[in-house]
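First up is the structure itself, then whatever we jot down about it.
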Amino acid sequence: MVLVLRFPRPAVSLALAGLLLVLGSVLGAPARAQTGEPILRFETGTHRARLGDAATDAAGRVLVTASEDKTARIWSLPDLRPLGVLRPPIGPEQDGLLFAVAVSPDGRLAAVAGALGPRGGEKSVLLFDLRSREVVRRWAGPPNGTYSLAFSVDGTQLVAGFGGAYGIRVWSVADGREIFKDGNYADAVYGLSFARDGRLATTSLDGFLRLYDTTGGLLRKVTAGPGHPLRCAFSPDGVKLAVGFTDAAKVEVRDGHTLALISSPVAYEIDGASTLALLLNPGNNIPFSQTRALVTVAWSRDGTQLLAAGDARDRSHQSSVLVWPTADLGPRGIGPRGFIDVGLGNTIGRIIPLADKSIVATSLSGDIVLSGPDGVRRASVTPPIADFSTSGGVSALMYSEPLMVSGDGKRVAWSQWLSDGRWDIADAGGFGLTSADQKPEGLTEPLKG
């Protein structure tokens, strides 16, 4: 196992010997370079970099997560037991970063994509067989990379959303042929959702929502916001479309056929009372009113609830999933009628409802949690990472003590949140991670270059 300390870009220059603590051995199949040569990778059993996307099959039996550590990982549900690792060909620098994943409804295939290719060259979209973990099809994508993927409800089509102004492409899963494409976009496409009848909705940072028919005909194109739309999701019956935003503490609910605005649920009210007022009562551990973005949206499998998440946090800095009953969605911008504290410390990147009303939530720092319908955590995966990354424009370093390291580089300590006063200490000599209630002695701030 490897302990990785991650910092905001640009990274602080530190003595690597004191910061990279090798606590185990290299396991698993080797990663392969684009040239076919093996590349040494540390296998920790979890992701070691930003986890940007996650997807499940229709039955909710398997989860696949995609990360900028250049791997996609397969997990069983509901126990989150690791089943294997998908390792696409990789190269130096950004070559091999994964931003998007989709799982076929029958759970047999997974598509992964991101920056799979050399700088300035075409970027691949790869289709893996989840049993053999081998690539069974490759599509060539544009040089700006792929930021979103989705299978149609019947599993016959795969759509990819690209960066820059390259738009979308839809392919046949059976034979790989291109069904249609639309390059008339001005920015990256992060949101893709198929309705059961084959309609396709997309959201782009260019500010537009688009709706296509089964042949690629553009049915509607409307402006969302104010704000930049990120993710979108059709309700199970295809009647409504939910939209999340990168820079707005709200969700838009649109008509699934006309894209007309139906409702604008917001993050800062609960049951008609302001979050600030409820926070004055210590008994209410509800989300902060400083929520800046609800980036990911989803509907319960039975369509009775709308869920959204992003950087909405409670007073203990834990991210929450906000919940609105579908029956309450009307023209007034109502606040959430409930929330699920999934216990994640970083921004939630994906929420996936399952058939029994439990939900899977993933954080950008690599955490994975499965919470039951009662809000109780049933399974979780936590990476061996001290997360000092930037989240929602605010760095955890603003609220933390400086990183401390011993003179021989064998001990590293940090306190991620000043409010709780707890220090975490990594010791290469004892091959362990411990905690303390006060700053450990004999450690100093490392040199910064």
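The values are calculated or read from the model by the stated rules, or taken from the named source; none is laboratory data. For clarity, every value in this text was computed on a predicted model and none was experimentally measured. Every residue, glycine among them, receives a Cβ derived from its backbone with ideal geometry; neighbour counts consider all protein chains shown.
Things worth noting here:
- Scan segment 80-112 for residues that are in contact with a Lys or Arg (Cβ under 7 Å, 6 or more places away or on another chain) and among the aliphatic types (A, V, I, L, M) and the total you get is 5.
- Residue check for LEU230: closer than 17 Å to GLY161 by Cα and in contact (Cβ under 8 Å) with a residue 60 or more places away in the chain: yes
- Some residue of segment 136-146 being among the charged types (D, E, K, R), more than 19 Å from the chain's Cα centre (by Cα) and farther than 20 Å from ARG169 by Cβ: no
- Sole residue being buried (at least 19 other Cβ atoms within 10 Å of the Cβ) and either modelled with pLDDT under 80 or out of contact with any strand residue (DSSP E or B) (no Cβ under 9 Å at 6 or more places or on another chain) (or both), chosen from LEU397, LEU403, LEU433, LEU364: LEU403
- Test: residue in segment 347-355 that is at pLDDT below 90, in a loop (DSSP other than H, G, I, E, B) and over 20 Å from ALA102 (Cα atoms): yes
- Whichever residue in segment 37-53 is in a strand (DSSP E or B) and of a type outside the set (Asp, Glu) and, among such residues, is nearest to GLY96 (Cα to Cα): ILE39
- The set of residues in segment 54-66 that are in contact (Cβ under 8 Å) with a residue 60 or more places away in the chain, in a strand (DSSP E or B) and either β-branched (Val, Ile, Thr) or touching a Gly at 6+ places or on another chain (Cβ under 7 Å) (or both) comprises THR56, VAL62, VAL64, THR65.
- Some residue of segment 335-352 being under 16 Å from the mean Cα position of the chain (by Cα) and acidic (Asp, Glu): no
- Any pair with Cβ under 7 angstrom, 6 or more apart, that starts in segment 334-349 at a residue that is under 18 Å from PRO373 (Cα atoms) and ends at one that is surrounded by fewer than 24 Cβ atoms within 10 Å (Cβ to Cβ) and of a type in the set (D, E, K, R): ARG337/ASP271; ARG337/ASP328; ASP341/ASP314; GLY343/ARG377
- Taken as a whole, the condition of being modelled with pLDDT under 80, crowded, with 21+ Cβ neighbours inside 10 Å and farther than 30 Å from LEU261 by Cβ applies to ALA386.
- All conditions in (1) modelled with pLDDT under 90; (2) hydroxyl-bearing (Ser, Thr, Tyr); (3) surrounded by 20 or more Cβ atoms within 10 Å (Cβ to Cβ) hold for SER316, with the sole exception of (3).
- Boolean, GLY176 is in a loop (DSSP other than H, G, I, E, B), free of Cβ contacts under 8 Å to residues at least 40 places away in the same chain and surrounded by fewer than 17 Cβ atoms within 10 Å (Cβ to Cβ): yes
- Count of residues meeting criterion [modelled with pLDDT under 95 and surrounded by fewer than 16 Cβ atoms within 10 Å (Cβ to Cβ)] in segment 225-246: 2
- Enumeration of residues in segment 114-148 that are charged (D, E, K, R) and touching a residue at least 12 places away in the same chain (Cβ under 8 Å): ARG119, GLU122, LYS123, ASP129, ARG131, ARG133, ARG137, ARG138
- Residue in segment 339-355 that is basic (Lys, Arg) and surrounded by fewer than 22 Cβ atoms within 10 Å (Cβ to Cβ) present: no
- Neighbours by Cβ (under 8 Å, 6+ apart or cross-chain): first from segment 38-50, farther than 20 Å from ARG350 by Cα and at pLDDT below 80; second among the basic types (Lys, Arg) and not in a loop (DSSP other than H, G, I, E, B): PRO38/ARG32; ILE39/ARG32
- Residue ranges of strands (runs of 3 or more DSSP E) in segment 74-173 with at least 1 members surrounded by fewer than 17 Cβ atoms within 10 Å (Cβ to Cβ): 82-86, 123-129, 134-141, 168-172
- The single residue among VAL222, VAL243 that is farther than 24 Å from ALA327 by Cβ and part of a strand (DSSP E or B) turns out to be VAL222.
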